[in-house]
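Any read-out appearing in this document is the output of simple, stated calculations on the displayed coordinates, not a laboratory observation. What you see is a predicted model; the values in this text were computed from it and never measured. Glycine also receives a Cβ, built like all others from the backbone with ideal geometry; neighbour counts cover every protein chain displayed.
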């Protein structure tokens with residue numbers, strides 16, 4: 001199985017406002033950069049979109065280390081998702097899960113791969129995270 005490193009980030013100018021997502025995929029010494037944006041969105045939606053689009057870019061089942069600076073994404077996928085699904089997509093406060101459309105899409109995509117989720121502090125000089133941040137801002141600039 002292919003071993004892939006993925007670094008993702010989302011950005012928003014205004015929240016809600018113009019948003020962008022970016023991902024850096026690394027495999028066997030090769031790199032691929034992807035990015036995009038939306039006119040009216042939130043930072044959390046862009047963080048989720050970055051992970052979704054990175055996974056959609058993979059053409060086969062992979063063994064993945066995915067690094068994000070979003071505790072929302074990391075905690076959501078590793079801690080909260082199972083409970084949300086068991087509670088019919090309601091939070092512990094019995095309110096509908098925000099961004100359910102993206103969480104459901106991400107959940108479906110994760111089933112195809114073996115993924116280890118990592119959190120890293122944003123804007124701390126980590127090369128992969130800085131690249132993903134640059135790509136997310138490019139996604140906004142290209143709107």
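Here are the numbers for the structure shown:
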| item | result |
| --- | --- |
| Residues being more than 20 Å from residue 117 (Cβ to Cβ), outside any strand (DSSP E or B) and out of contact with any strand residue (DSSP E or B) (no Cβ under 7 Å at 6 or more places or on another chain) - total across segment 15-44 | 3 |
| Filtered residues of segment 86-130 (kept if under 15 Å from residue 24 (Cα atoms), over 14 Å from the mean Cα position of the chain (by Cα) and surrounded by 12 or more Cβ atoms within 10 Å (Cβ to Cβ)) | 126, 130 |
| Odd one out for residue 18 among (1) touching a helix residue (DSSP H, G or I) at 6+ places or on another chain (Cβ under 6 Å); (2) more than 18 Å from residue 122 (Cα to Cα); (3) crowded, with 21+ Cβ neighbours inside 10 Å | (3) |
| Residues within segment 36-48 that are in contact (Cβ under 8 Å) with a residue 40 or more places away in the chain, touching a helix residue (DSSP H, G or I) at 6+ places or on another chain (Cβ under 6 Å) and under 19 Å from residue 120 (Cβ atoms), tallied | 2 |
| So residue 51, is it within 15 Å of the chain's Cα centre (by Cα), within 18 Å of residue 110 (Cα to Cα) and in contact (Cβ under 8 Å) with a residue 60 or more places away in the chain | no |
